[in-house]
1. Looking at (1) more than 20 Å from the chain's Cα centre (by Cα); (2) under 24 Å from residue 22 (Cα atoms), find the lone condition where residue 453 falls short.
2. Has the range 273-283 got any residue that is within 16 Å of the ligand (Cβ to nearest atom), part of a helix (DSSP H, G or I) and outside the structural domain of residue 171 (by the TED database)?
3. Could you tell me which numbered condition residue 244 fails, if it satisfies all but one of (1) touching a helix residue (DSSP H, G or I) at 6+ places or on another chain (Cβ under 9 Å); (2) under 19 Å from residue 182 (Cα atoms)?
4. Kindly check whether there is at least one residue in the range 284-297 that is at positive phi, at pLDDT 95 or above and out of contact with any helix residue (DSSP H, G or I) (no Cβ under 6 Å at 6 or more places or on another chain).
5. What number of residues within the range 67-110 satisfy the criterion of being under 26 Å from residue 470 (Cβ atoms) and part of a strand (DSSP E or B)?
6. Quick check: anything in the range 289-299 under 24 Å from residue 520 (Cα atoms), part of a helix (DSSP H, G or I) and touching a residue at least 12 places away in the same chain (Cβ under 8 Å)?
7. Here are the criteria: (1) within 16 Å of the ligand (Cβ to nearest atom); (2) assigned to a loop (DSSP other than H, G, I, E, B); (3) more than 27 Å from residue 355 (Cα to Cα). Tell me which single one residue 456 does not satisfy.
8. Does residue 365 meet the test of being more than 15 Å from the ligand (Cβ to nearest atom), in a helix (DSSP H, G or I), touching a residue at least 60 places away in the same chain (Cβ under 8 Å) and over 26 Å from residue 306 (Cβ atoms)?
Ligand code: WT7
């Protein structure tokens with residue numbers, strides 16, 4: 001833990017909306033009278049029918065219940081569009097920067113409103129009704145935002161699947177969500193390369209379980225022909241030309257489902273995290289405004305893909321609910337060169353940049369000169385999300401990108417939490433590199449030991465939340481018991497995050513990473529079980545165990561130990577084949593960084609794989625392997641070490 005403290009930069013302090021004293025008092029009040037706090041925050045949202053009850057919450061696993069603003073009604077798209085059209089119709093809502101530096105588009109609130117209404121009418125025409133699920137498999141283009149907002153306009157539940165996932169992964173999500181419509185593009189573009197989205201959709205819809213899909217709406221994004229299946233496939237531009245731009249927003253109950261987003265857990269298939277309408281929107285809007293210190297003329301840029309929760313809460317809903325201009329970038333930081341991020345900041349006068357440590361580390365590695373080519377005078381605030389940020393990357397972000405004048409908000413949260421739970425409030429919170437600092441208003445984190453005893457003061461243990469917040473997930477789609485078991489059964493009466501954390505003498509939180517079998521690769525979540533089941537699905541593989549290992553750029557890399565079938569020879573070709581196999585089964589983000597041939601895996605007498613030992617071997621921490629005496633066959637460890645480090 002770095003103990004260097006960075007006070008709020010002078011220039012920022014001068015205009016600060018919240019001071020250190022304000023934060024302390026407001027936080028205290030927000031937990032003492034949580035109901036009153038959220039009643040006030042919810043006033044920033046337009047309610048079609050005002051709520052009378054604020055919260056109705058029990059974290060007891062046998063009597064679980066979470067409801068926020070229960071009897072209110074609202075519409076998300078109306079909050080993101082209509083009310084801003086009334087106030088500032090010509091203000092840019094979305095600045096879209098294409099993969100190619102010569103392509104960009106600016107869409108005003110008025111234009112976005114029109115397009116969303118039209119597309120909502122297209123969905124209606126395709127038979128989509130309130131509560132129906134719609135899967136999106138899209139590149140980072142405005143139509144992705146339009147499709148999401150159009151779903152919310154008519155009360156359909158969107159399920160965005162990251163465009164980097166394989167046809168298999170897409171099919172299982174379409175099946176689990178029982179979607180009737182898929183929205184995609186003929187191709188995506190990233191760093192000058194094309195991604196065959198529509199071809200992947202076609203492949204997914206060949207797979208069993210996806211028969212419920214009756215239409216595929218395709219955006220014509222690149223000049224490349226694609227197969228269109230008669231009676232099923234329609235072009236976005238043709239469909240939108242046939243409908244009008246009048247579509248009244250559907251009044252939705254606060255607790256009506258808003259979207260499903262799949263995320264990896266420590267066991268089994270990815271789970272469909274379900275968020276609801278009122279609580280989610282109040283939470284995304286409030287955290288966005290306070291954590292990013294939002295002002296009317298901000299140009300805010302979040303680099304996350306719409307396929308992740310960050311792309312939902314802080315690329316789309318948080319900014320638009322506040323009437324903020326949001327920048328959407330289709331490409332990658334290194335295309336055409338590593339100077340791109342700085343060029344985009346200058347081109348659009350970006351004031352706030354929110355990105356991931358993995359991107360910061362890869363830019364840092366390329367050298368300061370790329371960033372220094374740009375002027376960046378518009379920047380006033382920086383954000384980080386997705387994984388712990390190492391102090392070196394933090395300092396580089398702060399000193400080189402932000403030139404020492406921009407606070408960094410290191411925001412800790414999860415797909416499940418809907419929005420930021422632990423973060424500095426810029427202007428109020430002195431920063432410590434690597435610490436997400438303090439809880440957001442109304443949020444009550446705690447650190448517990450293995451038995452669930454709450455630890456006080458300076459301590460280290462499991463991170464839990466002891467009370468609800470409006471943005472929390474409400475269930476695992478189709479499996480409420482899994483929801484209770486996963487999050488509320490480890491420690492009774494508490495939401496278990498799956499993360500470990502330390503708290504220092506100043507009450508600052510330091511996230512130490514996952515304590516379960518979930519990997520965080522470049523800020524993307526992956527279950528070790530998913531990668532293992534992809535590996536064992538290959539005919540040459542008898543058994544496999546996957547663990548994380550330290551990786552300079554990605555934070556964590558994927559290390560797979562593979563035991564082959566008896567008659568199979570371990571070769572370099574097979575290693576490559578297995579890497580490609582996992583890529584095509586799950587998607588490129590799951591590609592193993594290392595594959596080790598394991599004559600056998602270290603197991604306890606009851607047959608449980610001891611991952612702790614595998615993690616130590618992967619990290620080359622052979623001196624601290626710990627106790628191996630409970631293994632069924634301790635000699636397995638020596639064999640493995642010899643295989644992994646032959647020249648040792
Ligand atoms: C996991 C959640 C939240 C949106 C992106 C990831 C890790 C997230 C931080 C941070 C340390 C972080 C945690 C968490 N994580 N932000 N600022 N510092 N760790 O969402 O895919 O649901 O992953 O990401 O381990 O549990 P996600």
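1. Single failed check for residue 453: (2).
2. yes
3. (2)
4. Yes, there is a match, as at least one residue in the range 284-297 is at positive phi, at pLDDT 95 or above and out of contact with any helix residue (DSSP H, G or I) (no Cβ under 6 Å at 6 or more places or on another chain).
5. Number satisfying all stated conditions: 6.
6. yes
7. Going through the list (1) within 16 Å of the ligand (Cβ to nearest atom); (2) assigned to a loop (DSSP other than H, G, I, E, B); (3) more than 27 Å from residue 355 (Cα to Cα), residue 456 breaks only (1).
8. yes
The values are calculated or read from the model by the stated rules, or taken from the named source; none is laboratory data. Worth saying up front: this structure is predicted, and the values here are computed from it rather than measured. With ideal geometry, Cβ positions are generated from the backbone for all residues, glycine too; neighbour counts draw on all protein chains shown.
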